[in-house]
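Undergrad: After the structure tokens below, expect a handful of questions from me.
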Amino acid sequence: MGEPTSIPSDQLHRRGLLFILSSPSGAGKTTLSRMLLKQDDDIKLSVSVTTRPPRPGEVDGVHYHFVSDEKFDAMVEEDDFYEWAHVFDYRYGTPKGLIRTGLKDGQDFLFDIDWQGTQQLYQKDQQDVVSVFILPPSLDELRHRLESRAQDSDDVIDGRMERARAEISHWAEYDYVVINDDVNECFDRVREVLDAERMRRTRQTGLIPFVRELMGN
């Protein structure tokens, strides 16, 4: 009788996770998100539902799911969102269905949301959430980054700085906090968090059959 077929340890089935990156505007979460999506094929961006009209070049179902206010209201009523929030003049929400199916199949999802969305997501699905807050090295540096974009007036930047202080006050509500002094070093630390969380025992659903085979049971 031949030896039992072994399963490579890096191919064990696992449950996916909801990986949240949050930061004040200008602290780097968008850049880090793009780097992560480009370099890691096992994670994909969660596509939000929004009442905002599409911008030029945006594709429905790729960048956002664009819906009417009435449709959004119906989804809220039917509890179809993990989380939703008002952002400026529009609403944004994270739909449940496709994400829950993906988690069972081992798919990881990346979320670029604020602290309010993080709290709502955590309340709905605590076991699958891993949250990381990105801090700027200083508020002076944060303002410098916002000014260097040359996209906003001083009044708008003042508003963003005020909001940044409010967002930073919630840093202790996150699982991990990383300071973005150098974007490449910060990215490496974010990747370390993601890799470690993927290996968490409770997510390694393939371990039970693997160990049974290992022990000859």
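Every read-out reported here was derived from the displayed coordinates using simple, explicitly stated rules and does not represent laboratory data. Predicted, not measured: the structure shown is a model, and the values here were computed from it. All Cβ positions, glycine included, derive from the backbone under ideal geometry; neighbour counts span all protein chains shown.
Undergrad: The conditions are (1) surrounded by fewer than 19 Cβ atoms within 10 Å (Cβ to Cβ); (2) in a helix (DSSP H, G or I), and GLY117 fails exactly one of them. Which is it?
TA: The failed condition is (1).
Undergrad: Output the residues belonging to segment 57-85 that are part of a strand (DSSP E or B) and over 18 Å from the mean Cα position of the chain (by Cα).
TA: Once the filter is applied, which keeps residues that are part of a strand (DSSP E or B) and over 18 Å from the mean Cα position of the chain (by Cα), segment 57-85 yields ASP60, PHE66.
Undergrad: Right, here's the next one. Condition first: among the charged types (D, E, K, R), in contact with a Phe, Trp or Tyr (Cβ under 9 Å, 6 or more places away or on another chain), under 30 Å from ASN184 (Cα atoms) and touching a residue at least 12 places away in the same chain (Cβ under 8 Å). Can you find one or more residues in segment 56-68 that meet it?
TA: no
Undergrad: Also, I was wondering about something else. Scan segment 140-153 and give yes if some residue there is exposed (fewer than 14 other Cβ atoms within 10 Å of the Cβ), in contact with a helix residue (DSSP H, G or I) (Cβ under 9 Å, 6 or more places away or on another chain), assigned to a helix (DSSP H, G or I) and without any contact (Cβ under 8 Å) to a residue 12 or more places away in the chain, otherwise no.
TA: Yes, there is a match, as at least one residue in segment 140-153 is exposed (fewer than 14 other Cβ atoms within 10 Å of the Cβ), in contact with a helix residue (DSSP H, G or I) (Cβ under 9 Å, 6 or more places away or on another chain), assigned to a helix (DSSP H, G or I) and without any contact (Cβ under 8 Å) to a residue 12 or more places away in the chain.
Undergrad: Further question: Being exposed (fewer than 15 other Cβ atoms within 10 Å of the Cβ) and assigned to a loop (DSSP other than H, G, I, E, B) is the filter here; which residues of segment 159-204 pass it?
TA: Listed by number, the residues that qualify are SER169, ASP175, ASP181, ASP182, MET199, ARG200.
Undergrad: If you take the residues in segment 36-69 that are of a type in the set (D, E, K, R) and under 15 Å from TYR92 (Cβ atoms), which one is surrounded by the most Cβ atoms within 10 Å (Cβ to Cβ)?
TA: Among them, the one singled out is ARG52.
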